[in-house]
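Written out below as structure tokens is the structure these notes cover.
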Number of protein chains: 2
Amino acid sequence: MAQKNDPYKFKKVISIGIVSELTGLSPRQIRYYEERKLIFPERSKGIRKYSFADVERLMEIADKREEGVTTREIRNEMTKEVREKMLKGQMNAHFHFRS
Amino acid sequence: MAQKNDPYKFKKVISIGIVSELTGLSPRQIRYYEERKLIFPERSKGIRKYSFADVERLMEIADKREEGVTTREIRNEMTKEVREKMLKGQMNAHFHFRS
DNA sequence: CGTGTAAGGAATTCTGACACG
DNA sequence: CGTGTAAGGAATTCTGACACG
């Protein structure tokens, strides 16, 4: 596992303009990737707030897009990863019970 | 030393409204503490940007203010700490040379 | 000294839409 | 499909000032 007890990485506090600066993506692109369910900012009075984790995710997305991967495919890879992680979780729970 | 290789703690990316929510301080108070040189946000097109370190610092300031410590005194404690750290740095460098 | 507030302006963000492809 | 743009409105932030104390 990467880093989970990172106290700042997951707090949604960054507005879209700054995210745009950090990632090099346009606000339009960032909003579109949300529409395609690749990222999930929170809202503070209607205004989108992102975490550093979101910023890193967006940079990964940007890389894949440059390689020609469609948002649809990125989305699919994502759900696949989640599925695998859930399986692992199941297995861990299983072995835990058995031991 | 606390945490120095924290990749997110020191990036100035949070706007004053969010800092206000995180700390419970009013924007007015936050700007005033800057005027008194207790914090040093960066600016992105005139708009203040704070780091998580700044947020923590502001919470310390808030605690001291509640105890009745003046901004002047907080400022003095600060410069004193810096002075001590510089001394330590000197000593470390010194011993380093000698060993 | 430390903080609230009203004032006017500038910069940000939001959404829905049209465009191109 | 993915992204740019102009449009109109709403929310944010900024500064300097007056107030109270």
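Each value in this text was obtained by applying a stated rule to the coordinates, not by laboratory testing. Since we're looking at a predicted model, the values are computed, not measured. All Cβ positions, even for glycine, are placed from backbone atoms using ideal geometry, and neighbour counts span all protein chains on display.
Would you mind checking the pairs A:4/A:45; B:4/B:37; A:88/B:12; A:49/B:85; A:37/B:9 and listing those with alpha carbons more than 31 angstrom apart? Exceeds cut-off: A:88/B:12; A:49/B:85.
The Cα atoms of region B:16-98 define a convex hull whose projected area, averaged across directions, is 6.8 nm².
Result for chain B in a Gaussian network model with C-alpha springs under 10 Å: among B:75, B:36, B:83, the largest mean-square fluctuation is at B:83. Starting from one equal scatterer on each C-alpha and no solvent at all, send me the Debye-based log10 I(q)/I(0) for region B:1-47 at q = 0.18, 0.32 Å⁻¹, two decimals. Result of the Debye calculation: -0.65, -1.21.
When only Cα pairs below 8 angstrom with a gap of at least 6 residues are kept, chain B shows a relative contact order of 27 percent. Chain B has one residue whose beta-carbon comes closest to the axis relating it to chain A; that residue and its distance in whole Å are B:8, 2. Just checking the listed ones, B:64, B:88, B:12: in the Gaussian network model of chain B with Cα springs under 10 Å, the one fluctuating most is B:88.
Rounded to two decimals, the Cα-based Rg/Rh of the protein assembly as shown, with Kirkwood Rh, is 1.08.
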